[in-house]
1. What pairs from K84/K139; K84/K148; K64/K148; K21/K156; K50/K84; K2/K156 go past 31 Å between their alpha carbons?
2. For q = 0.24 Å⁻¹, what log10 I(q)/I(0) does the range 83-159 give under the Debye formula with an equal point scatterer on each alpha carbon and no solvent?
3. Can you run the Rg to Rh ratio on the range 15-159? Use alpha carbon positions and the Kirkwood inverse-distance Rh.
4. Measure nothing fancy, just the Cα-based angle from helix 148-158's long axis to the longest principal axis of the chain, in degrees from 0 to 90, nearest 10.
5. Do the sum for the chain: with -39,500 (n - 2.57) for every DSSP H run of n ≥ 4, divided by all residues, what is the mean residue ellipticity at 222 nm, to the nearest 500 deg cm²/dmol?
6. Treat the range 1-56 as a sphere of radius equal to its Kirkwood radius over Cα pairs and apply Stokes-Einstein at 25 °C in a medium of 0.890 mPa s; give the translational diffusion coefficient in µm²/s, rounded to a whole number.
7. Specify which residue in the list V75, A25, P6 is farthest towards the positive end of the charge dipole of the chain, using unit charges on the beta carbon of Lys, Arg (+1) and Asp, Glu (-1), about the Cα centre.
8. Just to confirm the number: angle between the C-alpha axis of helix 46-59 and the first principal axis of the chain, 0 to 90 degrees, nearest 10?
Amino acid sequence: MKAIYPGSFNPLTIGHLDIIKRMNAMYDEVIVAILINEGKKHFFSLEERKEMIMKEIQNNNLDKVTVMTFEGLLVNFAKQVGSKIVVRGLRAVTDYEYETKIALFNSSLYPGLETVFLLSDPRYSYISSSGVREVAHFKGDVSPYVTKNVEQEIKKKFY
Ligand code: ADP
């Protein structure tokens, strides 16, 4: 079974990494799919985000995980790579509302496509990329939310 974990990952947080590790234990193949969103160019570039995720995959020996980028509809990407499983993380009720809408759209666009929700580890359920960007913007301490490597990249680029 091949599963896709789509997102912006701008930047990757320890909450995302936890989901990726859990997926590595669940599926034969895992594709972390970074959405190319031209409207959202701030913070890290696509290439920088990809690099950071690949480094964590190496550091954690996540041998089933690869990183790709995609543009346009997720369902088209899923067809392209031959997967019918999309995994999303759920942190709070607000995620649930937003995610169920998208999941229903996706399954109506691509019948048979399943969206699997993994509950966020409660230790990380408050962590978001937008929160990390906000803290980084004011040069605060991002170490509780990201890995050492991502922390270094943030410091190099913004501090
Ligand atoms: P998007 O811009 O598509 O919401 P994100 O990069 O913010 O992408 O998130 C990608 C996925 O990871 C989403 O399913 C999101 O709910 C999940 N996620 C984000 N932060 C966490 C966290 N702290 N714990 C678990 N899942 C998370």
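1. In this structure, K84/K139; K84/K148; K2/K156 lie more than 31 Å apart at Cα.
2. -1.01
3. That ratio equals 0.95.
4. 70
5. Taking each H run of at least 4 residues, the total per residue is -14000 deg cm²/dmol.
6. D, rounded to a whole number, is 208 µm²/s.
7. Going by the charge dipole, the pick is P6.
8. 90
The values are calculated or read from the model by the stated rules, or taken from the named source; none is laboratory data. These numbers were taken from a predicted model, which means no experiment stands behind them. Note: ideal-geometry Cβ built from the backbone for every residue, glycine included; neighbour counts use all protein chains shown. Each accessible area value is taken on the protein alone, full model and side chains, heavy atoms only, with ligands, DNA and RNA left out. Shrake-Rupley method; radii C 1.70, N 1.55, O 1.52, S 1.80 Å.
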